[in-house]
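The values are calculated or read from the model by the stated rules, or taken from the named source; none is laboratory data. Computed from a predicted structure; not experimentally measured. Neighbour counts run over all protein chains shown; Cβ positions are idealised from the backbone, glycine included. Heavy atoms of the whole protein, side chains included, go into the accessibility calculation; ligands, DNA and RNA do not. Shrake-Rupley method; radii C 1.70, N 1.55, O 1.52, S 1.80 Å.
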Amino acid sequence: MKTISDIYKEYKIMPNLQMHMLRVAAVASMICDNFTEPLLKEDIITAALLHDMGNIIKFRLDYFPKFLEPEGLEYWQRVKDEYAEKYGNDEHIATIKIAQELRVSSSILELIKALSFFGAPKVALGDNFGDKIVEYCDSRVTPFGVVTLEERLTDLRTRYAHRGVDTHERRAYQDAVRQMEEQIFSKCKIKLEDITDESVAPIVAELKNFVIK
């Protein structure tokens with residue numbers, strides 16, 4: 001069994017991507033600890049810690065130059081090329097393949113598979129709060145930290161503006177995660193504004209030693 005820090009090092013995960021997944025998992029941990037119904041907390045946290053493992057495949061490496069230091073652009077481009085050669089050009093499929101390599105349980109794998117831009121409306125309509133929590137928590141974290149849902153949606157619109165104007169799919173995703181926020185906090189003992197970059201920081205530190213079983 002390895003800690004998530006060991007796995008991130010083994011898979012050459014960029015430091016900013018490590019922090020993103022750690023923050024998503026920390027938000028999930030806060031929600032799980034304050035949820036009024038039973039949840040498979042360990043599975044949810046594991047899925048959150050692994051949910052973007054293949055994302056370097058889609059990164060525009062020049063978008064945030066400071067995230068490339070100290071290794072530099074050439075190093076991370078080689079890592080990106082290695083990922084594409086081994087796992088293909090779809091970052092979500094790559095993430096699933098990595099999770100399978102790590103031999104996670106089928107329930108964790110299903111949580112990772114459910115995390116999808118196009119699948120978010122289905123998750124919102126369903127009754128699986130594990131799926132909802134992983135999807136929603138990912139929607140609370142920008143490359144720079146934990147923010148409100150609306151701030152995150154604004155961040156996504158800005159960063160993906162190059163992909164074109166507003167679309168039906170984008171609006172459906174936004175509506176879905178707003179629904180998930182209402183659904184989750186209707187069963188939570190904390191308020192959505194209780195989740196901040198500062199409040200999750202101690203959990204992030206603890207999760208660096210989380211063991212992936």
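Taking a temperature of 25 °C and a viscosity of 0.890 mPa s, what whole-number D in µm²/s does Stokes-Einstein yield for the range 8-90 with Rh from Kirkwood over alpha carbon pairs?
Details: Rh = 14.1 Å.
Rounded, D is 174 µm²/s.
Run the accessible area of the range 26-184 with a 1.4 Å probe and give the carbon-and-sulfur part as a rounded percent. Working shown, then result.
Numbers: 4100 of 7910 Å².
That share works out to 52 percent.
Please report, for the Cα atoms of the range 44-198, the Rg to one decimal and the Dmax as a whole number; what are they, in angstrom?
Considering the range 44-198 through its Cα atoms, Rg and Dmax are 16.3, 47 Å.
FRET efficiency for TYR75 and ASP166, Cβ-Cβ distance as r, R0 = 30 Å, nearest 0.05?
On the way: r = 36 Å, r/R0 = 1.20.
According to the calculation, E is roughly 0.25.
Can you compute the modelled spin-label distance between ASP194 and ASN34, with each label point 7 Å from Cα toward Cβ, in nm?
Each label point is offset 7 Å from its Cα along the Cβ direction, giving 0.3 nm.
When ranked by the protection proxy of mean other Cβ atoms within 10 Å per residue, highest first, what sequence do the peptides 101-113, 198-210 form?
101-113, 198-210
Using only the alpha carbons, work out the radius of gyration and Dmax of the range 68-126 in angstrom.
14.8, 44
Order 170-178, 139-147, 46-54, 78-86 from most to least packed using the mean count of other Cβ atoms within 10 Å.
46-54, 139-147, 170-178, 78-86
Measuring with a 1.4 Å probe in the full set of protein chains, what accessible area per residue, in whole Å², belongs to the chain?
51 Å²
Can you compute the label reach from ASN16? Point 7 Å from Cα along the Cβ direction, backbone N cut-off under 11 Å, restricted to the range 48-87.
Hits in the range 48-87 for ASN16 at 11 Å: 59-69.
Calculate, in nm to one decimal, what ASN89 and LEU61 gain on full extension: separation in residues at 0.36 nm each, minus their alpha carbon distance.
8.6 nm
Pulled fully out, how much extra length does the chain show between ALA205 and ARG103, if you take 0.36 nm times their separation in residues and subtract their Cα-Cα distance?
Additional length available on full extension: 34.3 nm.
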